[in-house]
Structure formats: C-alpha cells, structure tokens
Amino acid sequence: MNQNPLKIASLGIQHVLAMYAGAVIVPLIVGGALGLTGEQLTYLVSIDIFMCGIATLLQVWRSKFFGIGLPVVLGCTFTAVGPMIAIGGQYGIPAIYGSILVSGIFVVAVSKYFGKLVKFFPPVVTGSVVTIIGITLIPVAMNNMAGGEGSPDFGSLTNIALAFGTLLFIIVLFRFFKGFVRAIAILLGLAAGTITAFFMGMVDFSAVGEASWFHMPSPFYFGMPTFEVTAILTMILVAMVSLVESTGVYFALGDICEEKLEEKDLSNGYRAEGIAIILGAVFNAFPYTTYSQNVGLLQMSGVKTKNVIYTAGAFLVLLGLVPKIGALTTIIPTPVLGGAMVAMFGMVVAYGIKMLSKVEFSSQENLLIIACSVGMGLGVTAVPELFAQMPSSVRILTDNGIVAGSVTAILLNIVFNVAKGKKAVHPASFAEQKAS
C-alpha cells in the first residue's frame with residue numbers, strides 16, 4: 001500500500017469511527033446508572049476515549065515486555081458494565097476502581113502462564129468464538145438501524161431508509177471501486193449518510209457547541225480507590241473472560257496478517273491489556289480489551305499495516321484531550337451508524353465461518369462443540385434473563401452471549417479433544433495451511 005499520509009489518516013479515522021460508538025456507550029450507561037453529574041459524565045466519556053488510544057498504542061507497539069504487535073484496536077469491555085454498576089451501587093465508585101486496579105495487576109502477573117494455554121484454543125474454539133462475537137453484535141446494528149433502542153421514532157421509515165441507504169452506498173462502492181476508495185468505503189458511507197441526514201433535519205450540532213475545547217486527564221478523579229474482596233474477585237473474573245475473548249481476536253488477526261503467533265506474543269498481548277486496565281483504574285476509566293468490530297473493518301478494507309492503527313490511537317488520544325473535536329463524531333445519526341455496522345459485524349460472522357473451515361467436520365465431537373457453543377451464545381443473547389436466578393458471581397459467565405458461548409466451546413473442547421489427547425490444528429498455523 002502507498003504510505004500516503006492522507007490515506008493513512010483517512011483509514012485511521014475509519015477505525016476510530018468503527019469503535020467510537022461502542023466505546024462511548026459504556027461510560028454513558030455506567031455513568032447514567034451511577035447518577036453522575038453532567039460534568040462528571042463528560043469527564044468519564046473523554047477519559048475513556050483518551051485511554052482507548054493509549055491502550056491501543058500499547059498493544060500495537062511490540063516490545064520485549066508488552067504489545068502483540070498486530071493491528072488491533074482496544075476499547076472498554078462490555079463484559080464489565082453490569083459488574084461495575086453493581087459494585088458502584090453497593091460499595092461506591094472508588095471500589096470500582098480499586099477492583100479494576102487489582103484485576104489489572106492480576107492480568108499482568110498471570111500473562112506469562114495464560115499464554116501457555118494455547119492448546120485450549122484450536123480452530124474449533126476460536127472459530128466458534130469469532131462467529132458468536134459477530135452474531136451477538138448484529139442486534140446492536142439492528143437497533144441502531146431502527147434509530148436506537150428506546151428512541152421515540154424507533155423503526156420509522158425515515159430511519160430505515162437512511163440506514164439501508166448507507167448500507168447500499170457502501171455496497172455500491174465495493175462493487176464499482178477498488179483500492180483506496182474501497183478501503184475507506186465505511187468512512188465514505190458514514191459521511192454520505194450524515195450529509196443526507198443533515199438535509200433531512202436529523203443532524204444535531206448542539207453537542208459540539210456545548211463541549212469544551214480542552215480536557216486534561218486527572219488521576220483518581222473520583223477519589224482514591226477502595227478495596228473490597230467481593231468486588232476484586234468479580235473484576236478479576238471479568239478480566240479473565242476478556243482475555244478469552246481477546247485470544248480469539250488475536251488468532252483472527254494473526255490469520256488475516258499471515259503471522260504465526262507464539263506463546264510469547266500472546267503473553268505480551270495479555271500483558272499490554274493488563275497495563276491498560278491498570279492505567280484505566282488510575283485515570284478512572286475502564287477495563288480494556290480488543291475490539292472485534294475493527295477486525296471486520298480490517299478484513300473489509302484489506303489494509304493490514306500497523307501505521308493505520310497507530311494513527312487511530314493518536315486520533316483517539318486527541319479526541320480525548322479535545323472534547324469539542326470528539327463531539328463532532330457524535331453528530332452521526334444512529335441509523336447511519338447502524339447501516340455501516342451491519343456490514344462490519346456481518347463480516348465478523350463471515351470470518352468466524354472461514355476460521356471454522358479449518359476444522360475437521362467429519363468429527364462428530366467438533367460438530368457438537370460448534371453446535372452447543374454457537375447455540376448457547378445466540379441463546380443467551382436472545383434470552384438474557386435465562387440465568388437471572390443464578391448468583392451474581394456466576395452470572396458474569398452467563399449474562400453475556402459471547403462469554404457463555406466462549407466458555408462452552410472451551411469446556412467442550414477440553415472434554416472431547418484435550419482430555420482424549422487429540423492433536424488439534426493450532427490456530428496460529430492457519431497461514432501455513434493457506435500456503436499448502
């Protein structure tokens with residue numbers, strides 16, 4: 001690819017926009033549930049975007065100690081939303097950040113040993129996990145296409161037309177253009193959809209006018225952290241679940257970039273996430289994990305250079321320091337985002353299926369692993385109240401479809417493959433299989 005600065009910047013912005021809505025919604029949900037003031041909520045959103053950039057840069061930059069060195073984008077994990085609200089409601093906001101701090105230290109401590117568990121993540125597991133991730137993201141796109149859950153005009157013909165118009169525009173770009181235009185098709189689709197919405201009177205610039213020009217991160221903004229045993233154990237479990245999700249994303253990116261991942265690479269990736277979690281606690285942000293939607297964007301654009309992700313990380317840091325600039329991205333109407341998300345999240349599903357193509361389907365055991373894990377992931381997403389009567393510590397594993405499906409795949413793989421001593425195809429060898 002031609003390393004033209006303008007092209008690199010455009011692709012970096014596209015990655016920012018792909019994850020921006022997901023990154024912002026976590027502080028909005030958590031802050032709203034904890035009753036934060038407008039000023040506190042502004043800080044929470046801004047510091048979250050800032051820390052997303054720092055966490056991304058830590059992960060993309062491969063050093064001896066941390067960083068997996070793949071074009072991966074980090075954002076706040078959705079798995080932590082419920083536990084953070086519960087901890088804040090019971091013990092107060094400082095206890096949230098005390099538990100996040102300890103969980104980050106725990107992840108750094110176990111990162112070397114967690115990397116040795118590669119045998120528990122063959123293609124039948126990672127393919128199932130990536131497929132589940134894509135499937136569970138689709139409802140988010142559908143709700144956005146309709147205008148956003150709870151919106152007064154949910155499902156209106158205007159919202160539907162705008163969403164499908166954006167999606168159709170992206171498809172047309174893919175059909176009739178190649179190279180750079182195809183690479184930034186999502187960005188062009190979002191721009192075209194927003195311009196169309198402006199002439200329809202659906203773009204609100206008030207957020208830009210009200211936002212301040214500069215914002216400085218402040219350590220322990222919500223007070224010094226406190227440490228509660230139950231809260232700490234809960235957040236450690238959340239962190240471990242995030243590592244399981246990240247493992248599938250690492251292998252997906254390794255396949256896309258045709259790089260063989262070793263145990264040390266995985267350990268460095270886990271350690272970078274642990275450092276990001278610790279920094280999130282210090283600056284009162286969130287636990288961070290890899291964002292799968294950017295894997296779909298990477299696959300769609302076909303541009304795999306790390307310079308694009310470095311640029312995306314730098315943009316996130318800038319947006320976090322200048323809320324008024326960051327507010328510009330909030331003017332994109334929800335239906336426009338939804339139309340673009342269908343393509344991105346659907347690509348994640350398609351990539352999971354591609355990973356599963358490496359599985360030996362003549363094995364009934366592998367078929368059962370895929371069937372149960374995907375079924376559980378989709379089932380919990382569709383009926384989240386299924387495990388409502390379970391203890392809260394157990395519900396961390398069952399309330400989220402991605403987590404429930406991933407745990408199912410891992411456990412069944414242990415029962416049918418690891419325990420029987422079967423030699424599974426290593427996920428990191430996908431690129432080698434392609435060559436043969």
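The values are calculated or read from the model by the stated rules, or taken from the named source; none is laboratory data. Note that the structure is a prediction, hence the values are computed from the model and not measured. Note: ideal-geometry Cβ built from the backbone for every residue, glycine included; neighbour counts use all protein chains shown. Protein only, heavy atoms only, side chains kept; ligands, DNA and RNA dropped before computing areas. Shrake-Rupley method; radii C 1.70, N 1.55, O 1.52, S 1.80 Å.
Things to note:
- Region 221-280: trypsin sites (Lys or Arg not before Pro) in DSSP coil with no more than 16 other Cβ atoms inside 10 Å: Lys260
- Of the peptides 331-338, 68-75, the order by per-residue mean of other Cβ atoms within 10 Å, starting with the highest, comes out as 68-75, 331-338.
- Using the Cβ-Cβ distance between Ala192 and Phe65 with R0 set to 45 Å, the FRET efficiency works out to roughly 0.55.
- Potential lengthening between Leu318 and Val229 on full extension [0.36 nm per residue; Cα-Cα distance subtracted]: 28.4 nm
- With one equal scatterer per alpha carbon and no solvent term, the Debye-computed log10 I(q)/I(0) for the chain at 0.14 1/Å reads -1.41.
- Summarising the label geometry, the points placed 7 Å from Cα in the beta-carbon direction at Asp153 and Ala9 lie 3.3 nm from one another.
- Structure note, pairs Lys112/Lys420; Lys119/Lys354; Lys354/Lys420: Cα-Cα distances above 23 angstrom occur for Lys112/Lys420; Lys354/Lys420.
- Calculated FRET efficiency for the pair Lys420/Ser218, C-beta based, R₀ 35 Å, to 0.05: 0.05
- Rounded, prolate or oblate (a/c below 1.5 giving rounded, otherwise prolate when a/b exceeds b/c) for region 228-367 by Cα gyration tensor: oblate
- The chain - percent of accessible surface contributed by carbon and sulfur, probe 1.4 Å: 68
- Highest average packing first - 143-154, 101-112, Cβ atoms within 10 Å: 101-112, 143-154
- Amide H partners (placed H, <5 Å) of Phe220, local residues excluded: Phe283, Asn284
- Per residue, the accessible area of the chain comes to 41 Å² when a 1.4 Å probe rolls over the protein heavy atoms.
- Helices that extend 30 Å or more along their long axis by alpha-carbon positions and average at least 0.0 on the Kyte-Doolittle scale are, among the DSSP H runs of the chain, 5-33, 38-60, 93-114, 123-145, 229-256, 334-356.
- The Cα center of region 249-276 and the Cα center of region 84-163 differ in position by 19 Å.
- As a rough guide to protection, the peptides 49-60, 231-242 ranked by mean Cβ packing within 10 Å, highest first, stand as 49-60, 231-242.
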